[in-house]
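If you scroll down you'll find the structure; I have some questions about it.
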Amino acid sequence: MRKISIAMAAAFFAATSIFAIGVDEDEIRSVNQTIVFENYTGPHATVDTLDQIKQIGRGLGNAIASDLDSQRTTGNTAKYYVIHAIDSSVAEKLDADILVLGANASVDHIRNLRHIIAGYLSAAYNYSESDAQTIATFVTVYNAVYRQNMEAFRSKYKDIVTSNLTASRAGLSTRYSEWPGNSQIVIPISDISGGLSTVDTSVISDREVINSMQEDDDKNIDARKDMVDIKEREAENANEKAQESQKAATEEQRKANEAQKQADQAQKQADQKKEDAQKAQQKADEAQKKADENPDDKQAQKEAQQAQKEADQAKKAEDDAQKKADDAQQKADEAQKKADDAKQTASEQQAVADKKQSEAQEERRSIAQDQETVEKAEQAATNAPSVYGLSLASASSMDSAIVKVNTKDGTILQRSEVDVIKNRTMFPVGGGFLAVAGANSGNGAVKLVFIDEKSLEITKESEETLSDNSVLVQDGSNYLVIVKERIACFAAKYDSDLKLLKKSPVPVSPNSPIVKTSAGYMVTDVAGQPLVLDTAELKITTKQAVEAVAGTVKNLTK
């Protein structure tokens, strides 16, 4: 397994196997780690197209897109499924989509996983393919940086999210062998209808993530540039919304001012009515006093009654006027609240615009510095004297990777992603190298492969599967290996284009050596005995050998 850059963002356009190709606040604590993904990079027994890989994500995304407002789970829990963890009743912190890799998930390369996530984002939230790919790259790095860090997840996400996370599975391991059944990939959602800003890009590209990406030789400049481009567009969108909201706020404030003016006028009228009512009541009280002092004065009694009637009418007029004034004030208060809310919305949107623009500017400065460093290193590597060779994939591994080494100072200028080359053997062939590579695990297979000299990637492989321990022997322009068919193995001869030329008619040991002698190729049969095959047809060369093989075949068929 070669250790691969954490942010390999370039799309893999050729049809190949799913296995072969395959966001607001600062984090609460420093992680200080370099993320290096380990992937399976050898041949595979079955092959899926890039579109089939993306369709895994699209299928999940289409299901979620049908009802974005509801919390639910969709997909196959044994392989790939998504928990749409949304809680609109809670305003603080973030919602999230959690992509879970089930125990039978077969993805074994970070590129493929990013294609699945990108397919999901495009289908669920209508991201463009390029933007989805960029976000998917950062999502995987973010989840690796914060792998099993429940403290960080709780600080950012709503309970609906964290209640669906398990400490041992939260995030993404850097080892593909640990992905199935042990991965809960968190995609931070700031606004399910936010368009370009649906996924919180600030969270997935925080300082810890960027620091990790800068540790790679190419410093992941292309992926970081793409993220800066997204943030600049986010800032532009937020700025436009802020300006529109500010216009709306200005209009709402005008309406609020007019409403307050009307309320003030209504209150002035109510105050006048109150003064009139007080005077009328005072007049009524005086009339009543006179009537009380002259109980036999019928005219005084009549005037008192009339005065009280007028006072009651004045009081009613006061009450009506005050109610009208209160209603007008309520409308004015509502209008002012609406204006204040519009101002708050404009302010928040402008804050988003300023934040995204600030992040973009800071990152552009960082990218410019890194780009200069990378260009100098690339220039030095181009001019350096170099040779190609093999290096063990790890201290405990018998598999190898191709390396390009500076012969002047011994530094590694380039290392193949393919790190499952068998028997520490390769042969240079027209612009590349032939080798036996692969692993017989999962969907992996051992095959004869051609590795391009410039990219150091597999560009061609044999149709046939080889024995796990097959040797690789060169004889002129031909190459001999041990192929595997069901339970039996055979010596086989290929040309440099990986075309099968001949196959021995008799089975041999899966661990058989192949040695060219003056009599032909010496191999070992399934009984452990040496056997000589002619170089042209790979047939047995002696009668004794024929009889021995016949006996071996008979024993195998019992």
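Could you pull out the residue among ILE487, ILE482 that is of a type in the set (A, V, I, L, M) and at pLDDT below 95?
Sole residue among the options that is of a type in the set (A, V, I, L, M) and at pLDDT below 95: ILE487.
Every residue in region 81-104 that is of a type in the set (Ser, Thr, Tyr) and under 18 Å from ASP159 (Cβ atoms), please.
Passing the criteria: SER88, SER89.
If you scan region 174-196, which residues turn out to be in a loop (DSSP other than H, G, I, E, B) and open to solvent by 10 Å² or more (accessible area, probe 1.4 Å)?
THR174, PRO180, GLY181, ASN182, SER190, ASP191, ILE192, SER193, GLY194
Moving on. For region 73-101, give me each residue that is over 17 Å from the mean Cα position of the chain (by Cα) and either part of a helix (DSSP H, G or I) or of a type outside the set (Val, Ile, Thr) (or both).
GLY75, ASN76, ALA78, LYS79, ASP87, SER88, SER89, ALA91, GLU92, LYS93
Let me ask something additional. Are there any pairs with C-beta distances below 6 angstrom linking a residue in region 383-408 that is open to solvent by less than 50 Å² (accessible area, probe 1.4 Å) and among the acidic types (Asp, Glu) to a residue that is modelled with pLDDT of 90 or more and part of a loop (DSSP other than H, G, I, E, B), with the two at least 6 apart or on different chains, and if so which?
Matching pairs, first to second residue: ASP399/VAL420.
Next question. Could you list, in sequence order, the residues of region 408-432 that are closer than 26 Å to ILE514 by Cβ and part of a strand (DSSP E or B)?
ILE421, PHE427, PRO428, VAL429, GLY432 - these are the residues of region 408-432 that are closer than 26 Å to ILE514 by Cβ and part of a strand (DSSP E or B).
For region 39-54, name all the residues that are outside any loop (DSSP other than H, G, I, E, B) and either at pLDDT 95 or above or surrounded by 20 or more Cβ atoms within 10 Å (Cβ to Cβ) (or both).
Across region 39-54, the qualifying residues are ASN39, HIS44, LEU50, ILE53, LYS54.
If you take the residues of region 197-217 that are more than 16 Å from the chain's Cα centre (by Cα) and not in a helix (DSSP H, G or I), which of them is modelled with the highest pLDDT?
For region 197-217, the residue satisfying everything is GLU215.
Out of region 197-227, which residues are within 15 Å of GLN133 (Cβ to Cβ) and surrounded by fewer than 22 Cβ atoms within 10 Å (Cβ to Cβ)?
ASP222, LYS225, ASP226
Please determine, by comparing only the residues of region 374-407 that are part of a loop (DSSP other than H, G, I, E, B) and out of contact with any strand residue (DSSP E or B) (no Cβ under 9 Å at 6 or more places or on another chain), which one is nearest to ILE482 (Cα to Cα).
The selected residue is SER397.
Could you say whether any residue in region 253-260 is under 24 Å from GLN349 (Cα atoms), open to solvent by less than 30 Å² (accessible area, probe 1.4 Å), not polar (S, T, N, Q) and not in a helix (DSSP H, G or I)?
No, every residue in region 253-260 fails to be under 24 Å from GLN349 (Cα atoms), open to solvent by less than 30 Å² (accessible area, probe 1.4 Å), not polar (S, T, N, Q) and not in a helix (DSSP H, G or I).
Cβ-Cβ below 8 Å, separation at least six or inter-chain, first residue in region 506-520 and hydrophobic (A, V, I, L, M, F, W, C), second open to solvent by 70 Å² or more (accessible area, probe 1.4 Å): which pairs?
If the second residue must be open to solvent by 70 Å² or more (accessible area, probe 1.4 Å), the pairs left are ILE514/MET522; VAL515/MET522.
Now for a different question. For the structure I just gave you, tell me whether SER130 is open to solvent by 10 Å² or more (accessible area, probe 1.4 Å), outside any loop (DSSP other than H, G, I, E, B), in contact with a helix residue (DSSP H, G or I) (Cβ under 8 Å, 6 or more places away or on another chain) and within 29 Å of ASP67 (Cα to Cα).
So SER130 fits the description; yes.
Ok, one more. Just name the residue that is surrounded by the fewest Cβ atoms within 10 Å (Cβ to Cβ) out of those in region 433-466 that are in a strand (DSSP E or B) and either at positive phi or basic (Lys, Arg) (or both).
The residue in question is LYS460.
Take ARG147 and tell me if it is over 17 Å from the mean Cα position of the chain (by Cα), farther than 17 Å from VAL228 by Cβ and among the basic types (Lys, Arg).
no
When region 467-498 is examined, which residues are found to be assigned to a strand (DSSP E or B) and over 25 Å from TYR388 (Cα atoms)?
Selection gives ILE482, VAL483, LYS484, GLU485, ALA488, CYS489, PHE490, ALA491, ALA492, LYS493.
The values are calculated or read from the model by the stated rules, or taken from the named source; none is laboratory data. Given the structure is predicted, the values throughout are model-derived calculations rather than measurements. Note: ideal-geometry Cβ built from the backbone for every residue, glycine included; neighbour counts use all protein chains shown. For accessibility, only protein heavy atoms count, side chains too; no ligands or nucleic acids. Shrake-Rupley method; radii C 1.70, N 1.55, O 1.52, S 1.80 Å.
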